[in-house]
Amino acid sequence: MTKINISDILVKYDKKNLRIATVCSHSSLQIFNGAKKEGFKTLGISIGEKKKFYDAFPRGKPDEFLIVENYKEILKYTEELKEKNVIVIPHGSFVEYLGADKFLKLNIPTFGNRNVLIWESDRNKEREWLEGAGLTMPTEIKDPHFIEQPVIVKYHGAKGGKGFFIAKTYEEFKKRIDKRRSYTIQEFVMGTRYYLHYFYSPIQKNAYSLQKGSLQLLSMDRRDETTIDEVQRLGSIAELEELGIHPTFVVTGNIPIVMRESLLPKVFEMGKSVVEESIKLFGGIIGSFCLETVVTEELKFKVFEISARIVAGTNPYIGGSPYSELIQPDLSTGRRIAQEIKYANKKNLLLEILT
Ligand code: AMP
């Protein structure tokens, strides 16, 4: 568990000049754009060099850059970042490349509850959390000898679907598995994928009401994954596999999507129970999170993953989504995060949303 005393840091901060910072990757254009819209100064932590492409996007470019040699170097700059009254917005790449241990030690006020990492990065704990919340997850197959239906094999720690493969029999599994790596075998759920982008505020009661705080649905996307999503252009998966060509699940982009309206009550119920269970388990998730789901032909949700921070799937909605439009025009997840920080600052509640 993190034991960084951020209240000691925050008392020294100039609260009129908070600065929003993140690493220049993933969803940083959106985060900077959202922060600027809410009147914050921004700082981009750039690895290796100042990324030239930001010049082409003035409304997504940070006001200043901190150039560091590699992710691990970020820890060396904590004093400098604190002097600039920095609040860090973590995103997937930030946490992945910095490493969970260093992220937990980062001595700078960070948006969200960092303790969620312990529950999110361990597949057993993640299952305990999500099933404890009453969600249905894909069945886990503990022994590969019992593969009787299509399964997806996921290597631990492999982000972005790298190395994942589908198997339909034990023989197929045996041929493909890299035994040196630890893995999980899951039922391959047939259906359509929806990645649901929620925002939970523990301090505001202006949306879908929870015991404490309230929940919003800001947007949803579908990931574009190579080669699985276009593999049919070359023939059926079965035909290709006979030739030794196997589909992969590497994320290359995100596609905007909406869901039939009749499913929305279930979307909110799931979000609510995930938050309420997280409060019981580790003091609660804060801010943005994403449930990665498949909707089956019976219109049931199966949830195969949770991401407990802003996901790159929110990037199609820098100017708002069909859902956030119903809350406020031009509201992205990045902007919503900035709004939460602004509100908490005004009400002296920063300690409720930062760790
Ligand atoms: P993950 O790293 O768990 O997000 O999985 C990477 C990708 O694999 C997802 O975006 C889905 O396209 C696919 N996937 C993961 N789990 C399942 C599942 N149980 N059934 C079907 N597809 C899945």
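The values are calculated or read from the model by the stated rules, or taken from the named source; none is laboratory data. This is a predicted model, so every value here is computed, not measured. Cβ coordinates were reconstructed from backbone atoms using ideal geometry, including for glycine residues, and neighbour counts include every protein chain displayed. Protein only, heavy atoms only, side chains kept; ligands, DNA and RNA dropped before computing areas. Shrake-Rupley method; radii C 1.70, N 1.55, O 1.52, S 1.80 Å.
Odds and ends about this structure:
- The separation of the stretch 246-263 from the stretch 73-113, counted between C-alpha centres, amounts to 30 Å.
- Cα Rg, Dmax, the stretch 202-355, angstrom units: 18.4, 63
- Value of [θ]222 nm, deg cm²/dmol, for the chain, DSSP H segments ≥ 4, -39500 (n - 2.57) each, nearest 500: -8000 deg cm²/dmol
- For the stretch 1-123, diffusion coefficient by Stokes-Einstein and Kirkwood Rh (Cα), 20 °C, 1.002 mPa s, µm²/s: 145 µm²/s
- Alpha-carbon Rg with Dmax, taken over the stretch 174-270, Å: 19.0, 57
- Value of Rg/Rh across the stretch 60-101 [Cα atoms, Kirkwood radius]: 0.95
- Relative contact order for the stretch 93-223, counting Cα pairs under 8 Å that sit 6 or more residues apart, in percent: 17 percent
- Hydrodynamic radius by Kirkwood, which averages 1/r over all alpha carbon pairs of the stretch 237-303, in angstrom: 15.3 Å
- Nearest-ten-degree value, helix 28-37 long axis tilted from longest Cα axis of the chain: 40 degrees
- Our estimate of slack between L263 and T78, defined as 0.36 nm per intervening residue step minus the Cα-Cα distance, is 62.1 nm.
- The candidates E230, E126, E38, arranged from most to least accessible area with a 1.4 Å probe in the full protein assembly, appear as E230, E38, E126.
- Residues T139, T293, T78 ordered from highest to lowest accessible area at a 1.4 Å probe: T139, T78, T293.
- Probing with 1.4 Å while keeping every protein chain in the model, the per residue accessible area of the chain equals 47 Å².
- I318, I20, reordered so the largest accessible area comes first (probe 1.4 Å): I318, I20
- Semi-axes of the equivalent ellipsoid for the stretch 81-209, Cα gyration tensor, largest first, Å: 34, 20, 12
- The relative contact order of the chain, computed from alpha carbon pairs under 8 Å that lie at least 6 residues apart in sequence, is 20 percent.
- Share of Cα-Cα pairs in the stretch 51-142 lying beyond 19 Å, as whole percent: 55 percent
- Acute angle (nearest 10 degrees) that the helix 333-346 long axis makes with the longest principal axis of the chain, alpha-carbon atoms: 40 degrees
- Among 333-339, 6-12, 207-213, 42-48, the order from most to least packed when residues are scored by Cβ within 10 Å on average: 333-339, 42-48, 207-213, 6-12
- Of all accessible heavy-atom area on the chain, the percent that carbon and sulfur account for (1.4 Å): 51 percent
- Cα-based Rg / Dmax (Å) for the chain: 20.7, 64
- The K179 and T296 beta-carbon pair, evaluated with R₀ = 35 Å, returns a calculated FRET efficiency of approximately 0.65.
- For the pair the stretch 126-203 and the stretch 44-71, the centres of their Cα atoms are 35 angstrom apart.
- The alpha-carbon atoms of the stretch 1-66 define a convex hull whose volume equals 117 cubic angstrom per residue.
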